[in-house]
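**Student:** The structure follows.
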Amino acid sequence: MNGPDHEYVNEIAYTYGYCDELNPLRARLPLVNAGFEFPLIHNACELGFGQGVSVNIHAAGSPIQWYGVDADPRHTGFARQLADDAQTRPQLWSQRFSEFCRRDDLPDFEFIGLHGVWSWISDDDRATVADFVARKLKTGGVLYVSYNTQPGWAAMMPVRELMHGHFIASGKRDGGAEPDEREAAGRIQAAIGFAQKVMAAQPGYAVVNPSVSARVNSLSEESPSYVAHEYFARNWHPTSFLQVAGALEPAGLTYLGSADYRDHIDRINLQPAQRELLAGIDDVTLREVARDLCMNRSFRRDYWVKQPRALDAHERRAALCAHRVMLAMPEQAVSLKVRGALGEATLPEALYRPVLRALSGGRVTTLGEIEHGVSALGFTLEQVVEAVTLLIGAGPVLNAQDDQQIQQALASASRLNTAICERAYDTHALQFLVSPVSGSAVSIPRVAQLFLLAAKRGFARPQQWAEFARAALGRTGAPERTGHALVPLAFADPDLVDRAIRFADVYLPVLRMLGIDAG
């Protein structure tokens, strides 16, 4: 496993996932709501882009010029091919962080993001990233960084060491040769099986930490690519907020808040006594460490800002009123259930139904327009902001770009969506299409992509789409995996014709509103 200096399990390529938090537009509402100016984004950078799904979607979905790096040449090759298919021009390199971050041909950035990578790189690489951010992030620019954190990971750390040790011991028994992807996957499964065997023996550690056995057993159901990179990287550091702050504050950054919108609503995450406790802690760093303990948080998604400009009360209100959003599913399909750290919560009908009605016109809506629509019911702008924040966090509502940005992204988004749908004829690996309205991804399962592809190829009727999809699915023999959809396209009816008709009647109009067309 003599890999690059971040030392991943580099025999196994990573998953084809998407991270919405890497979309710069997502940072706007939390930044403005906190009373700071959101920068105009010209150049953005993703450090450790994996298969490049996010960076390609964001490059195609907005006029922002994207740059990125990943140390795995396979990842970079796939990401570049996807960009070529879409005729977009993100600048993507296969380099170590120590090489990329010292390049002299990079612009300064208004946005830099790294998702999960902070936990998987060495101390030297974290110092390199912090230095890069200090030098290359513009004043007022935003950093998104996510990472495994304690205390949520604390109980699993000895088990991770156990599995990693088994993986290494297996390599020694095999003579120490570099394993290929199949051999590495076999060693990982054996290590998981060994950990499950240890847990089955009821060790004292499992008795004191009863949740550990269930977590170990669940690993068998996870994607091998995810497990390889999450548990078997040589550098694996669940990091406290205190440690991250210690690295980023000297770079001139100020903590803004969580990129998970649900975290901004305390009542679904904290008990009353916990809210009272945190309200009495003035120091931001100490308050976040205490909050992680209250929530038993295992993963943080943080926004940091470099020397932000504060807005006065009038500027803040104007910026909030101008913020644009769009409902991403039929109003009647929106559930008023949301999950926070305390479990599932029910949102109040009296506020959320009027807000949803104000959003239901099939167009982009500003928060100011929503406020105007619900003000007669006695609701304020602050209540509208909270409601929309939670609806975005739960999925039914998307942030929206301005009209000029949408127009600039239409052609590139269409090309990328066509390229992804073409791939659906052979594989279910890519489960996302890009909306030029939001500049972000919408989760679309393979069968729905095949329906869109059939329409793009000139088939007009849902019955023809169903036959086209059946031919593709029969050709590959691969099962459909729907995943979690912002637009809920997980069909229950096994008959493809019924599914195609429902897709045409219910979901295609929503996709068209989002700029995802079958034409």
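Readers should treat all values here as calculations from the given coordinates under stated rules, not as data from a laboratory. If you're wondering where the values come from, they're calculated on a predicted model, not measured in any experiment. Backbone-built Cβ (ideal geometry, glycine too); neighbour counts: all protein chains shown.
**Student:** Just from the alpha-carbon atoms, what are the Rg and Dmax of the chain in angstroms?
**Tutor:** 23.3, 75
**Student:** Suppose only helical runs count, i.e. DSSP H with n ≥ 4. What mean residue ellipticity at 222 nm does that imply for the chain under -39500 (n - 2.57) per run, divided by all residues and rounded to the nearest 500 deg cm²/dmol? Could the numbers behind the result be given before it?
**Tutor:** Numbers: 22 runs with 235 residues, N = 519.
Calculated from helices alone, the mean residue ellipticity at 222 nm is -13500 deg cm²/dmol.
**Student:** What net charge is computed for the residues neighbouring G257, neighbours being all others with C-beta under 9 Å from the C-beta of G257, Lys and Arg scored +1, Asp and Glu -1? Working shown, then result.
**Tutor:** Numbers: positive: none; negative: D263, D302.
Neighbourhood net charge equals -2.
**Student:** Could you give the spread of the C-alpha atoms of the range 223-282 along their three principal axes, from largest to smallest, in whole angstroms?
**Tutor:** Sorted largest first, the three principal extents are 41, 32, 18 Å.
**Student:** Then there's this: Net charge near F379, counting Lys/Arg +1 and Asp/Glu -1 over other residues with Cβ under 11 Å of its Cβ? If you can, show how the numbers build up before the last one.
**Tutor:** Details: positive: none; negative: E371, E382, E386.
Cβ neighbours under 11 Å give a net charge of -3.
**Student:** Nearest 0.05, what FRET efficiency do D517 and H42 give at R0 = 30 Å with Cβ-Cβ as r? Write out the running numbers ahead of the final one.
**Tutor:** Details: r = 28 Å, r/R0 = 0.92.
For R0 = 30 Å, the calculated efficiency reads 0.60.
**Student:** Among H166, H42, what is the fewest-to-most ranking by other Cβ atoms within 10 Å?
**Tutor:** Numbers: H166 20, H42 14.
Ascending Cβ contact count within 10 Å gives the list H42, H166.
**Student:** To the nearest 0.05, how large is the calculated FRET efficiency for D84 and A333 if R₀ is 41 Å and r is the Cβ-Cβ distance?
**Tutor:** Details: r = 36 Å, r/R0 = 0.89.
Result of the calculation: an efficiency of 0.65.
**Student:** Additional query: So in the chain, what percent of DSSP beta bridges are antiparallel if you round to the nearest 5?
**Tutor:** On the way: 26 of 43 bridges.
Just about 60 percent of them are antiparallel.
**Student:** Compute the projected area of the convex hull of the Cα atoms of the range 145-226, averaged over all viewing directions, and report it in nm² to one decimal place. Write out the running numbers ahead of the final one.
**Tutor:** Values: hull surface 25.7 nm².
That works out to 6.4 nm², a quarter of the Cα hull's surface.
**Student:** So, one more: Whole-Hz Karplus ³J(HN,Hα) for the range 132-142, in order, using 6.51 cos²θ - 1.76 cosθ + 1.60 and θ = phi - 60°, x for Gly and Pro?
**Tutor:** Karplus-based 3J(HN,Hα) across the range 132-142 equals 4, 5, 4, 8, 10, 7, 5, 4, x, x, 10 Hz.
**Student:** In what sequence, highest mean first, do 367-380, 223-236 appear when ranked by Cβ atoms within 10 angstrom?
**Tutor:** Top of the packing list down: 223-236, 367-380.
**Student:** Test of understanding: express the Cα radius of gyration of the range 348-442 as a ratio to 2.2 N^0.38 Å, with N the residue count.
**Tutor:** Values: Rg = 16.6 Å, N = 95, 2.2 N^0.38 = 12.4 Å.
Output field value: 1.34.
**Student:** What do you get for Rg/Rh over the range 324-399 if you use C-alpha atoms and the Kirkwood form of Rh?
**Tutor:** Working: Rg = 11.6 Å, Rh = 12.4 Å.
Rg divided by Rh gives 0.94.
**Student:** Take Q404 and R353, extend 7 Å from each Cα along the Cα→Cβ direction, and tell me the distance between the two endpoints in nm.
**Tutor:** Going by the 7 Å Cα→Cβ label model, 4.1 nm.
**Student:** For S220 and Q383, what does the FRET efficiency come to when R0 = 35 Å and r is the distance between their Cβ atoms, rounded to the nearest 0.05?
**Tutor:** Working: r = 45 Å, r/R0 = 1.28.
E between S220 and Q383, to the nearest 0.05, is 0.20.
**Student:** Among the lysines, select those whose C-alpha is under 27 Å from the C-alpha of K136, and discard any that sit fewer than 8 residues away in the same chain.
**Tutor:** Those lysines meeting the cut-off are K306.
**Student:** Further question: With all pairs of different alpha carbon atoms counted, what Kirkwood hydrodynamic radius in Å does the range 44-154 show? Please list the in-between numbers first.
**Tutor:** Values: mean 1/r = 0.0696 Å⁻¹.
Across the range 44-154, the inverse of the average 1/r is 14.4 Å.
**Student:** What nm value, rounded to one decimal, do you get for the distance between A376 and D105 when each label is placed 7 Å out toward the C-beta?
**Tutor:** Taking the two extended label points, one gets 6.1 nm.
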